[in-house]
Amino acid sequence: MTTNSGYSIKTTADHKFLTTEGWKELQDIDVGDEVLIQSGKGSFSQNKTLPFKVKNSFRGKNGRLYSYNFPDVWSRELGQVLGWLSGDGWLRAGDKNRRVGFTFGADDREVLTYLKPILNNIYGREIKEIERKNGTIHLSYHSKYFVDYLLSLGVKAVKAEEKEVPFSLFSAPEEAVIGFLQALFTADGTVSCDDNNGNYYVRLTSKSRKLLKQVQILLLNLDIKSNIYDRSRNPREKVFSYTNKNNEKIYYDTDGVLYELNISSSSLHIYARKINFLIKDKINLLKRIVKTKNLRNDNKTDIVNSINFMGLENVFDLTEPVTHSFIANGFVTHNCGEQPLLPYEACNLGSINLAHMSKNIDEDPEVDYDKLEDITRKATRFLDNVIDMNRYPLKQIKEMVKSNRKIGLGVMGWSDLLIKLEIPYNSEEAVELGRKIMTFIQKISHDESIKIGKRRGSFPNIEESIYEKPMRNATTTTIAPTGSISIISGCSSGIEPLFAINYERHVLDDTLLEVHPLFEKIARKRGFYSEELMARIARTNSIQAIE
């Protein structure tokens, strides 16, 4: 899925995204739908240590000792080195002439003055710049070890169209990320102040779309929205030229490939405050824009531009336990799976319909704990049997599932039970009842698993677990959303409240108007049922009709 601004993500068809119309699976999202992207600053790593062991002394084949000052912790300066290298630098690896090179234009002398001492200190000795006739300046560091250090950080020795953000930046502290962006935008970025058309933006250009898309994600985690545009043109010949050391004129053609990343609107304020540039002219121009221009607020939503099938790939799941949502490639997405499982484990879920676990409905309604115990024991045995009768798609899944024999017995119809008991969902009484019922189910299912373990044996990995007595299943209970099975069973979903007492259900080409059946029963019980009332509920989609 790709948006108009250039944000994109690869995902399964049933993965949920937050849209302006609520949570939707990707397969239900259409081109033109509006999806939510990250709004607000995200988190950054607090660990300053680099993701590999740094060595600074090397014994060459000639017996000579080479010493360097490679940083072993993240800093803004290290981020700046990576940023300028990604923008106006190169890496040569794979042969004897391994080099790290940095290029500075005629307008970049203040950046050269700033970065040169940092680079020379890392290199461990003074390197003088080389100035070409056209004003271009080069700093070149001949060192296998310097190259290897940068490769370990994720810098790649590739052509301009294949450049990427060094992978280590995605787990680096905020100050290093800011340093990287600051230097990259200084090297390949501009500030535009078009008063005639009211266009004010910071622009980053590159031949690599992937580089810009990765930069876009780093920016969004700083609460800076951006747009990526394809500015490619037809190929042209002899566009660039330079004179080499032999006084020969060298010409370069261009394939016309070019992409732009633009930051505009209120995001310019954040960019100026958090990142900015390393050159005074750009700093001053941006300062004038954010202080004197009326910049509209950025909308942290985006329009879906395309959805394309990509093929088959490995899928990795994660679970965020508090909000059940997280940011993925800038999108607000739902948990991939609701169950905390080990690699190659599988969900084996079943849910008790609590709507049927009540008695004395017409007199003094209460929970039928005898019935609940009976169904809990049967459900525990049933789910354990599923483990042995299932046909597993992979050998690894079969081995892991049978080694731990996890089952997940949960509930649905919780709101329906509360309605029958005439207990408000948002009351302390409901909370206490929920705690009592789930404690009861946990206790009974645990006891039944012990009984099965005595008869049929414990799960194979029990010696590595917390259990000291026979136990058939490593886990017995869970709370799952029950979206599909609650619809089939005609009850409320999981432990969720009723989000509407009436709603439209779309089945193929049919649209069905439905009113929650328990409200009709309550209306009859209390003597205010009428066909007119039910029709009014269906029309208004409001609980006011009941009141």
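The values are calculated or read from the model by the stated rules, or taken from the named source; none is laboratory data. Everything numeric in this text was worked out from a predicted model, so none of it was measured. Cβ coordinates were reconstructed from backbone atoms using ideal geometry, including for glycine residues, and neighbour counts include every protein chain displayed. Heads up: the accessible areas ignore ligands, DNA and RNA and are worked out on the full protein's heavy atoms, side chains in. Shrake-Rupley method; radii C 1.70, N 1.55, O 1.52, S 1.80 Å.
Within segment 287-301, the set of residues being assigned to a loop (DSSP other than H, G, I, E, B), basic (Lys, Arg) and surrounded by 12 or more Cβ atoms within 10 Å (Cβ to Cβ) comprises Lys293, Lys300. Just to be sure before I move on: is Tyr149 under 18 Å from Ala176 (Cα atoms) and either within 38 Å of the chain's Cα centre (by Cα) or acidic (Asp, Glu) (or both) in the structure I sent? Judged against the criteria, Tyr149 is a match. Scanning segment 462-490 for residues that are of a type in the set (S, T, N, Q) and either open to solvent by 50 Å² or more (accessible area, probe 1.4 Å) or more than 13 Å from Lys402 (Cα to Cα) (or both) turns up Ser465, Thr475, Thr476, Thr477, Thr478, Thr482, Ser484, Ser486, Ser489. Screening Val304 with (1) open to solvent by less than 60 Å² (accessible area, probe 1.4 Å); (2) more than 20 Å from Asn197 (Cβ to Cβ); (3) in a loop (DSSP other than H, G, I, E, B) gives one miss only, at (3). Taken over segment 307-328, the criterion of being open to solvent by less than 80 Å² (accessible area, probe 1.4 Å) and not β-branched (Val, Ile, Thr) is satisfied by Gly311, Glu320, Ser325, Phe326, Ala328. Among the residues of segment 137-176, those that are under 16 Å from Val215 (Cα atoms), open to solvent by less than 10 Å² (accessible area, probe 1.4 Å) and in a helix (DSSP H, G or I) comprise Ser168, Leu169, Ala176.
If you filter segment 95-115 down to residues that are charged (D, E, K, R) and closer than 18 Å to Asp281 by Cα, you find that the one that is most open to solvent (accessible area, probe 1.4 Å) is Asp107. Give the residues of segment 24-49 that are surrounded by 14 or more Cβ atoms within 10 Å (Cβ to Cβ), more than 20 Å from Leu218 (Cα to Cα) and hydrophobic (A, V, I, L, M, F, W, C), sorted by residue number. Leu26, Ile29 - these are the residues of segment 24-49 that are surrounded by 14 or more Cβ atoms within 10 Å (Cβ to Cβ), more than 20 Å from Leu218 (Cα to Cα) and hydrophobic (A, V, I, L, M, F, W, C). Restricting Leu211, Leu219, Leu181 to residues that are open to solvent by less than 40 Å² (accessible area, probe 1.4 Å), assigned to a helix (DSSP H, G or I), in contact with an Asp or Glu (Cβ under 6 Å, 6 or more places away or on another chain) and closer than 24 Å to Trp74 by Cα narrows the list to Leu211. There is no residue in segment 184-206 that is assigned to a helix (DSSP H, G or I), open to solvent by 50 Å² or more (accessible area, probe 1.4 Å) and over 14 Å from Ile263 (Cα atoms). Yes or no: Phe52 open to solvent by less than 20 Å² (accessible area, probe 1.4 Å), within 16 Å of Gly154 (Cα to Cα) and assigned to a loop (DSSP other than H, G, I, E, B)? In short, no.
Within segment 346-381, restricting attention to residues that are over 23 Å from Asn473 (Cβ atoms) and part of a loop (DSSP other than H, G, I, E, B), the residue that is modelled with the highest pLDDT is Asp368.
On the stretch given as segment 243-263, residues that are in a strand (DSSP E or B), surrounded by 10 or more Cβ atoms within 10 Å (Cβ to Cβ) and at pLDDT below 90 total 6. Taking segment 413-425 as the range and being open to solvent by 10 Å² or more (accessible area, probe 1.4 Å) and either in a helix (DSSP H, G or I) or touching a residue at least 12 places away in the same chain (Cβ under 8 Å) (or both) as the test, the residues that pass are Trp414, Ile419, Lys420, Leu421, Glu422, Tyr425. Looking at Lys238, Lys213, just one residue is at pLDDT 95 or above and either touching a His at 6+ places or on another chain (Cβ under 7 Å) or of a type in the set (Lys, Arg) (or both), and that residue is Lys213.
So which residues in segment 387-408 are open to solvent by less than 80 Å² (accessible area, probe 1.4 Å), out of contact with any Gly (no Cβ under 8 Å at 6 or more places or on another chain) and within 24 Å of Asp447 (Cβ to Cβ)?
Those that are open to solvent by less than 80 Å² (accessible area, probe 1.4 Å), out of contact with any Gly (no Cβ under 8 Å at 6 or more places or on another chain) and within 24 Å of Asp447 (Cβ to Cβ): Ile387, Asp388, Val401, Lys402, Ser403, Asn404, Arg405, Lys406.
Reported count of residues in segment 366-386, each being more than 15 Å from Leu349 (Cα to Cα) and among the basic types (Lys, Arg), is 1. It is to be established whether one or more residues within segment 489-496 are closer than 23 Å to Lys420 by Cβ and assigned to a helix (DSSP H, G or I). The answer is yes, given that some residue of segment 489-496 is closer than 23 Å to Lys420 by Cβ and assigned to a helix (DSSP H, G or I). Only strands (runs of 3 or more DSSP E) whose full extent lies in segment 1-46 are considered here, and the ones with at least 3 residues that are within 22 Å of Glu320 (Cβ to Cβ) are 16-19, 22-25.
Touching a residue at least 60 places away in the same chain (Cβ under 8 Å) and open to solvent by 30 Å² or more (accessible area, probe 1.4 Å), is that true of Met357? Working first, answer last.
On the way: touching a residue at least 60 places away in the same chain (Cβ under 8 Å): yes; open to solvent by 30 Å² or more (accessible area, probe 1.4 Å): no.
Against the criterion (touching a residue at least 60 places away in the same chain (Cβ under 8 Å) and open to solvent by 30 Å² or more (accessible area, probe 1.4 Å)), Met357 does not qualify.
Asp384 meets each of the listed conditions (1) assigned to a helix (DSSP H, G or I); (2) open to solvent by 20 Å² or more (accessible area, probe 1.4 Å); (3) not hydrophobic (A, V, I, L, M, F, W, C) apart from (2). In the set (1) of a type in the set (Ser, Thr, Tyr); (2) modelled with pLDDT of 95 or more; (3) part of a loop (DSSP other than H, G, I, E, B), the condition left unmet by Tyr271 is number (3). State whether one or more residues within segment 450-458 are open to solvent by 40 Å² or more (accessible area, probe 1.4 Å), out of contact with any strand residue (DSSP E or B) (no Cβ under 8 Å at 6 or more places or on another chain) and at pLDDT below 95. Within segment 450-458, none of the residues are open to solvent by 40 Å² or more (accessible area, probe 1.4 Å), out of contact with any strand residue (DSSP E or B) (no Cβ under 8 Å at 6 or more places or on another chain) and at pLDDT below 95.
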